[in-house]
Amino acid sequence: MENFILYEEIGRGSKTVVYKGRRKGTINFVAILCTDKCKRPEITNWVRLTSEIKHKNIVTFHEWYETSNHLWLVVELCTGGSLELVIAQDEHLPEDAVREFGLDLVTGLHHLHKLGILFCDLSPGKILLEGPGTLKYSNFSLAKAEGENLEEFFALVASEEGGGDGENIQRRCMRSRVKGSPIYTAPEVMKGMDFSIESDLWSLGCLLYEMFSGRPPFFSESFSDLVEQILYQDLLPPTPKDSTLPEASSEFINLLDGLLQKEPQKRLTWAGVLQHSFWKEAFNRKDRDCLNTQDASFRKIMEYSLREECEELLKSKENVQTTGLNISQQFNKSFKLENPAELRPKSALGSGQLNESIFLLSSRPTPRTSTAVGGHSDVVTHQPALQTPSTEVRNLYLSQQDIESRMKELIYTDDDLIVTPIIDNPKIMKQPPIRFDVKMLHLPAYTAEKLLFLKEQDWHEFLQQVCCQLDTTEKSTAASRAKLNLLYYLCTISNHKEVATKLMHSQLLPLLIQQLRAAPNWDIRAKVARVIGLLASHTTELQENVPVTEAVTLLTELIRENFRNSKLKQCLLPTLGELIYLVASQEEKKEHPRECWVVPLAAYTVLMRCLREGEERVVNHMAAKIIENVCTTFSVQAQGFITGEIGPVLWYLFKHSTIDSLRITAISALCRITRHSPNAFQNVIEKVGLTSVINSLASAICKVQQYMLTLFTAMLSCGIHLQRLIQEKDFVTTVIRLFDSPSTSIRAKAFLVLLYVLLHNREMLLLSCQARLVMYIERDSRKATPGKEQQSGNEYLSKCLDLLIYHIVQELPGILGDVLSALANVSGRKHPSTLQVKQLKICLPMMPVVLHLVTSQVFRPQVVTEEFLFSCGTLLNHIKSIDSGETNIDGAIGPTASEELIKITLLAFEAVTQHPALLTHFRSTVVDYILPPLVTLVQSQNVEWRLFSLRLLSETTSLLVSHKVVAEEKEESLNSNTKLLSLIQDVLLPEYEHVLMEPDPVPAYALKLLVAMTEHNPAFTRNTRKAFWATPCRVSSPYSITWLPTKSRI
């Protein structure tokens, strides 16, 4: 199975994250798009259109994969960002630069049209720059083969996958997904015609215009104004933002006029574009001056092929328009996909399941700067050096109670508590568009904006007219149609917040409630309910005299009386939900809440019945959505949903629904219920079992994983199932696997859950370190680096990481203390007692944690303190005792564990020696407590420990004696050097003859130690000469030091 290493995030779009990546075993960097599976139609379209294309102006597709939660697209990495970014940074480009970039745009687009591909959604964000300045087309999500219906293709792919978002998507539901940016859309497409070669050429003209002037030819914040400009406004000549710069040449203006003709028949054809004088015959002559000599030969080939194409196009003017179509008919057959199963991504299989770990997040940054990739203009620059946690946390002492208090503030984020509408929510049920007939409306058809500026008298007259028409008792068909038409009109103006608030507090609401109760047919009642629901959804304030309770009671009665009528429930439930949420949100805003609007108990009963098995999916979804929204608030209304069965019922919906949007709503509702009552999730675990819940966490999509982690955190914070969860290795392992998630929120919440576990079970820190916890912390500490403007997700990640790092740092002294206590109890004993053996077996396995932390860039500066080095010295003394045989622990824990203890201790100090600043800062502690047992270990009977100790001693001594000290440190340095000299002279020097005669590399390290001492300490040189005066030996070494039998000299 091929694997990829993911480095930093370089872009982000809707449900898509882009990483800089590399295939393991190669040095080829690529761009890797990680996207939700709901984007399968778009990604499949991209792959089928570009998989065979190799062209210098088109981003190369490499391969794609499917894992349990995502689709992964591997494409060429472009290192220059997007054209959109270039325009934003430079504001405008000179005409010569526009020409150079334009040549790439024309070349690439012409090649696509030759293949019968229409780009359709051409915008600066989808044009990328390669290093030398070459433009490349990217993001073919909305491109298509000429003559095909993209909506049908999307619907075909979605239906193959069970409905994309989980719903049975019809082709009409795909219409919104195939629309691109309207700013660059041709007039005929705005009118409803299909995309064509001519519409792509219009978009090309828009890009050229924007590159020169810094703004599109037509632009407005209002969609309706933008459409009006594109359809009817005359094109203004492009002007640079800086008036001191040259104006556009006549050739450039002529080219833009030709490309931006409103009528597609009058627009320039490819023959006219390629032959245009603006390009200065770049597409006609054999050779063209080339700024980049490396591309010269390639460009000549391209120019030659384009010249041939121009000649073909110019053979017959009558065939100019049809040539592209004929070519497309020839080529686009290969793009047709009758069966989506024919085009499938590679699957990353592991243990029988789709495995996300094929894409591994790297713990190290890449040596290159980051870039954007197709359609994602966000550019994340190379991250600076790794930082330690924020000063705020590091410089404070936090008790466990303080940490838990801060953790509780982090359990729920704004992203966990987003509220979306219940009524007219397309993820629940698609509503037909609202249209009314102005001719049938017997009152002025004011827009919502116009209504806001009416004088008080005009407003009252308008309301009076509305109420009169609604209150008519005429029962003819024409009267019913007029009333329905009026209700449609009210729906359109109720979407405006200020208008909705005014209408809610007028005489209209009581009249609507009356109509809901007494209207002659259900069509009118349904539309009345919809108007009330829209008013409730958009009202921002609610006065106490508004008859909301009456409306809620009436809706509840109507639903109860017609409970078997599913269609009726679908009409009334959204309105009931919006009213309850309006009341709950208004109660929450009050400083001293009191129940101004009573929600009857029957309303809660009805909604609970709508959640049960057997109801239609839409009804289930509406009821779950109401609970989700209402329980976002801290209100009496939210408390009404807290029952013993609510948790298991929502979990059942989550587990047994095939609709992703319903599953997300159900788990989100359970998450928000848990804010008020953590027992709701406890009831789920007790009913379905912890193993089932953990498995659901491991296999869920990202959004569900986010909510489930929140549920676990909320439950752990209250102590529910605490002892069980902190001992559950499968739970901890599953949480750690989530550190590989592309989602910042999921990783942050996983850190938070793990922190709760570690607070109550230190032993899980060993399992976590073995599962690469430290590597994950280092990686995300780099992403959450302070000192730059952070996105909210990174800020949240940083807060969670800071607390976890702080706790782990605080745990280390306790771990070392337990180890030292266990060793002290058996010191000098040949046969430890049963209790002592048990203590050794509990404490010594935690030693690898020390090594993980001291070798980490994040933890080392915080854990290596004077206390830590003192503990290391004490530990080395115990090891000296074990090595000499004074203490016997082999029988208690086994020889392997004993050797592992010695090895880890030496490796930990070795990690410290690799950072001279730490050694020199604590030089007295090192000389007084660490070097004495280390000198003794040089005489160990174990060759491995003897060599290891001598190497550490040699390197430490060299660093300490060669370090230059400032004036105020001279006395301390002199004292420590004197102690070091005495130590080596008294203990080690008498044994040096034996040491120097050992096999390599022992003599090399011994001589390195001597060289360090003699170079910086004359007294040591004299003592060494005396010691070796009568030693007749000759030792050859890398340092070329020789002792002679007479007048010895080093």
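The values are calculated or read from the model by the stated rules, or taken from the named source; none is laboratory data. Note that the coordinates shown come from a computational prediction; the quantities given were computed from them, not determined experimentally. Here Cβ is always computed from backbone atoms with ideal geometry, including for glycine, and neighbour counts include all displayed protein chains.
Quick notes on this structure:
- Qualifying residue in the stretch 466-478 (condition: part of a helix (DSSP H, G or I) and charged (D, E, K, R)): no
- Residue in the stretch 143-155 that is at pLDDT 90 or above and either charged (D, E, K, R) or assigned to a loop (DSSP other than H, G, I, E, B) (or both) present: yes
- Here residue 670 meets the list (1) under 18 Å from residue 725 (Cβ atoms); (2) more than 26 Å from the chain's Cα centre (by Cα); (3) crowded, with 19+ Cβ neighbours inside 10 Å almost entirely, failing just condition (2).
- Residue satisfying condition, being more than 45 Å from the chain's Cα centre (by Cα), closer than 21 Å to residue 860 by Cα and modelled with pLDDT under 85, within set 927, 943: 927
- Within the option set 858, 849, 819, being out of contact with any Asp or Glu (no Cβ under 9 Å at 6 or more places or on another chain), at pLDDT 90 or above and either over 27 Å from residue 749 (Cβ atoms) or not hydroxyl-bearing (Ser, Thr, Tyr) (or both) holds for one residue only, 819.
- On the stretch given as the stretch 85-94, residues that are crowded, with 19+ Cβ neighbours inside 10 Å and part of a helix (DSSP H, G or I) total 3.
- Check on residue 97, among the aliphatic types (A, V, I, L, M), assigned by TED's automatic domain parsing to the domain that holds residue 283, modelled with pLDDT under 90 and in a helix (DSSP H, G or I): no
- Remark: pairs (first residue in the stretch 948-970, under 25 Å from residue 899 (Cα atoms) and among the charged types (D, E, K, R); second residue surrounded by 15 or more Cβ atoms within 10 Å (Cβ to Cβ) and at pLDDT 70 or above; Cβ separation under 7 Å; 6+ apart in sequence or on different chains) = 955/913.
- Residue 526 vs. criteria without any contact (Cβ under 8 Å) to a residue 12 or more places away in the chain and either closer than 21 Å to residue 478 by Cα or of a type outside the set (A, V, I, L, M) (or both): no
- Some residue of the stretch 623-631 being acidic (Asp, Glu), assigned to a helix (DSSP H, G or I), at negative phi and surrounded by fewer than 21 Cβ atoms within 10 Å (Cβ to Cβ): no
- Some residue of the stretch 724-735 being acidic (Asp, Glu) and free of Cβ contacts under 8 Å to residues at least 60 places away in the same chain: yes
- Residue within the stretch 794-801 that is among the hydroxyl-bearing types (Ser, Thr, Tyr), farther than 30 Å from residue 12 by Cβ, at pLDDT 90 or above and assigned to a helix (DSSP H, G or I) present: no
- Note on the stretch 874-914: residues that are surrounded by fewer than 17 Cβ atoms within 10 Å (Cβ to Cβ), among the acidic types (Asp, Glu) and part of a helix (DSSP H, G or I) total 3.
- Looking only at the stretch 409-452, residues that are without any contact (Cβ under 8 Å) to a residue 60 or more places away in the chain, of a type in the set (Asp, Glu) and not in a loop (DSSP other than H, G, I, E, B) come to 2 in all.
- Some residue of the stretch 83-91 being modelled with pLDDT under 90 and more than 16 Å from residue 127 (Cβ to Cβ): yes
- Annotation note: of 810, 862, 839, the sole residue that is more than 43 Å from the chain's Cα centre (by Cα) and farther than 25 Å from residue 940 by Cα is 839.
- Yes/no for residue 643 being more than 29 Å from residue 540 (Cβ to Cβ), touching a residue at least 60 places away in the same chain (Cβ under 8 Å) and part of a loop (DSSP other than H, G, I, E, B): no
- When residues of the stretch 676-689 are limited to those that are in contact with a helix residue (DSSP H, G or I) (Cβ under 7 Å, 6 or more places away or on another chain) and surrounded by fewer than 24 Cβ atoms within 10 Å (Cβ to Cβ), the one nearest to residue 740 (Cα to Cα): 685
- Here is the figure for the stretch 669-701: residues that are assigned to a helix (DSSP H, G or I) and under 13 Å from residue 631 (Cα atoms) total 9.
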